[in-house]
There are 2 protein chains.
Amino acid sequence: MATEHTGTGDPARSLALLWRSAAPAPRRGPRPGLDVDRVVAAAVALADAEGLGALSMRRVAGSLGVAPMTLYTHVPGKAELVDLMLDAVLAELYADGPVTGDWRQRLTAVARANWELFVRHPWAVRIGAGRPPLGPGVLAKYEQELRAVDGTGLTEVQMDLVVTLVNGFVAGTVRGLHDRAGAERESGVTEEQWWAATAPYFARVFDADRYPTVARVGPVAGAELQAAYDPVRTFEFGLERLLDGIGLLIVG
Amino acid sequence: MATEHTGTGDPARSLALLWRSAAPAPRRGPRPGLDVDRVVAAAVALADAEGLGALSMRRVAGSLGVAPMTLYTHVPGKAELVDLMLDAVLAELYADGPVTGDWRQRLTAVARANWELFVRHPWAVRIGAGRPPLGPGVLAKYEQELRAVDGTGLTEVQMDLVVTLVNGFVAGTVRGLHDRAGAERESGVTEEQWWAATAPYFARVFDADRYPTVARVGPVAGAELQAAYDPVRTFEFGLERLLDGIGLLIVG
DNA sequence: CGGGCCAGAATACGGTGTACGGAGAAACCG
DNA sequence: CGGTTTCTCCGTACACCGTATTCTGGCCCG
């Protein structure tokens, strides 16, 4: 499983690819049998199906029926491909139109939309986006999310901070969801099996006198959250707390 | 840059290593020139210095002056080594004693302690811990953090949820910090250089009429947050909002 | 003393991204 | 029309990765 970084390589080339504003199609030479959109779509499909760890140039090329080096005719490198993938899936957000309602409803919708996107594309949350691909998907997302907190009396800086906060919350929470799913997929061992295998040995090393609060809270939380599917419960619980806190900022 | 997963391999072996409760040292055979602690320390030092992407068995072995396969005498595999590394650094938390004060002060201290740990060990936040290494470091952390919200009137489940929420918030925010630092380290291009290279092309594709809110908010937030070092500001701002929200739950 | 145990390491294999250069197709231009 | 240029595609190679397997040599124990 790999974490990829955005924002590498030549900015001009990357932005041209993101906005599909590269030079006009060449006039000479053989007609291409492949284009950027198809490469990106194949890569997204592979990552969706098998996770970011399965995303190799060889695998993407194989799924397109071409040689690995062929991909480099269309994208400068793997990192740039990942930029393109991320921007492509972010473009799915708010495709049905902007979020509506009062500020709380709008922020709730923003959080849920992002959550659902990362559920559809688990790999997307793994991408270190310190230098986001400034493509149409990213810009549309940022625009719609800023609008969700527009007209609330927040300053521009506060608006940006709230949007960043909600995004960070969702990303962090959905990571928990995927960490569990990823561990299962990569090991082929379900959580129940893992715990069944681990618990006997854990019981041997765990000293309730040394960790009294864990001994009290752990079994109760474990029993209840196991049933309620912990990362989702965490999301719902956390979103309420976060919105309450943001509400104090907006409403006072 | 790799994201590693915790919780793989044989649970018995992993737990024995985590708690250093493996069978007594063998009596026969050559005296080991190496032990688990030294392997873990070398791996932590390498990851601290160069990030998780530089963490290969060959590199760790090289820093210890041994052949790569030698490491496998001491740890079953790379995944288990990563478990050990994570547990080792988490053991640094609250080493000076538990957090004190009222519930808000305690949670603030928990958040800050975690933030500072991840600043010291940036790689630690990259580890998908869906199946946490249940070693002394992880257990001590969980114990202290549960104590920070003990006696507040929250149920055991709520305690666990609040601890998870705060941890997720810190992890998500510090990732932003590291995403930026990581992009710079891997590309050798500072953020200013990157923006200087990107901005001219971005200006060409960016249409203010299509993204009016971004056009209004972006420059203001960018100017102010650039100076205030955005991920830290996000952390401070977000922590206040989050604590306000948790406060409504605790105090009503 | 000799056999067995054990740490260490050499070798090899299957996997990764991509540099480099060649082959062949298609367009351009004199 | 033919030579040159442009362009897509891809084979080969290299440096890197984790680790399976087997061999070597040191040390303990009966």
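The values are calculated or read from the model by the stated rules, or taken from the named source; none is laboratory data. Bear in mind that the values here come from a model prediction, so they are computed numbers and not experimental data. Please note: Cβ atoms are built from the backbone with ideal geometry, for glycine as well, and neighbour counts cover all protein chains shown. Heavy atoms of the whole protein, side chains included, go into the accessibility calculation; ligands, DNA and RNA do not. Shrake-Rupley method; radii C 1.70, N 1.55, O 1.52, S 1.80 Å.
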Original post:
If you line up the Cα atoms of region A:52-121 on their principal axes, what length do they span on each, largest first, in Å?
Top reply: 52, 20, 18
Subject >> Percentage, to the nearest whole number, of Cα pairs in region A:103-251 over 17 Å apart >> reply: 70
**OP:** Please work out how much accessible surface A:Ser21 shows to a 1.4 Å probe, ignoring ligands, DNA and RNA, in Å² rounded to 10.
**Re:** 70
**OP:** Quick one: check the C-alpha center-to-center distance for region A:54-86 versus region A:37-51, whole angstrom.
**Re:** 9
**OP:** Leaving ligands, DNA and RNA out of it, rank B:Arg31, B:Arg185, B:Arg126 by accessible area with a 1.4 Å probe, largest first.
**Re:** B:Arg31, B:Arg185, B:Arg126
**OP:** Give the accessible area for B:Asp48 in Å² (nearest 10); use a 1.4 Å probe, count only protein heavy atoms, and leave out ligands, DNA and RNA.
**Re:** 50
**OP:** List the distances, in nm and shortest first, from the label point of A:Glu240 to the matching label points in every other copy, placing each point 7 Å from Cα along the Cα-to-Cβ direction.
**Re:** 2.5
Original post:
Taking a label point 7 Å from Cα toward Cβ, how far is B:Pro24 from its twins in the other copies, in nm, shortest first?
Top reply: 8.4
Original post:
What is the diffusion coefficient of the protein assembly as shown in µm²/s, taking the Kirkwood radius over Cα pairs and the Stokes-Einstein relation at 37 °C with a viscosity of 0.692 mPa s?
Top reply: 136
Original post:
Put the label 7 Å from Cα along Cα→Cβ for A:Gly97; what are its distances to the other copies, in nanometres, shortest first?
Top reply: 6.0
Original post:
Which three semi-axes in whole Å describe the equivalent ellipsoid of chain B, each the square root of 5 times a Cα gyration tensor eigenvalue, listed largest first?
Top reply: 38, 28, 13
**OP:** Taking 30 Å² as the minimum loss, tell me which residues in region A:126-154 lose that much accessible area going from the chain by itself to the full protein complex (1.4 Å probe).
**Re:** A:Gly130, A:Arg131, A:Leu134, A:Leu139, A:Tyr142, A:Glu143, A:Leu146, A:Arg147, A:Asp150
**OP:** Net charge near A:Thr108: determine it from the other residues with C-beta under 14 Å of the C-beta of A:Thr108, scoring Lys and Arg +1 and Asp and Glu -1.
**Re:** -2
**OP:** Could you please state, rounded to a whole Å, how far the C-alpha centre of region A:113-188 is from the C-alpha centre of region B:165-238?
**Re:** 14
**OP:** Would you look at the GNM of chain B, springs on alpha carbons closer than 10 Å, and say which of B:Pro212, B:Pro30, B:Pro231 moves the most?
**Re:** B:Pro30
Original post:
Quick one: putting +1 on the C-beta of Lys and Arg, -1 on the C-beta of Asp and Glu, what dipole do you get for chain B around its Cα centre, in Debye to the nearest 20?
Top reply: 820
Original post:
For region B:28-147, what does the alpha-carbon gyration tensor say about shape, rounded, prolate or oblate, given a ≥ b ≥ c as the root eigenvalues, a/c under 1.5 as rounded, and a/b over b/c as prolate?
Top reply: prolate
Subject >> Separation of the B:Ala95 and B:Ala25 label points, Cα + 7 Å toward Cβ, nm >> reply: 2.4
Subject >> Candidate aspartates and glutamates - alpha carbon under 12 Å from A:Lys78, same-chain residues fewer than 8 apart omitted >> reply: A:Glu4
Original post:
How long is region A:11-90 along each principal axis, judged by its Cα atoms, biggest number first, in Å?
Top reply: 38, 26, 15
**OP:** Determine the dipole magnitude for the protein assembly as shown: charges of +1 sit on the beta-carbon of Lys and Arg, -1 on that of Asp and Glu, nothing else is charged, the reference point is the Cα centre, and the result goes in debye to the nearest 20.
**Re:** 1460
Subject >> Distance (nanometres) between label positions extended 7 Å along Cα→Cβ at B:Asp209 and B:Gln193 >> reply: 3.8
Original post:
Ordering A:Ile250, B:Ile127 by how much accessible area each has at a 1.4 Å probe, largest first, what is the list?
Top reply: A:Ile250, B:Ile127
Original post:
Counting each DSSP H run of 4 or more residues in the protein assembly as shown as -39500 (n - 2.57), what helix-only mean residue ellipticity at 222 nm follows after dividing by all residues, to the nearest 500 deg cm²/dmol?
Top reply: -21000 deg cm²/dmol
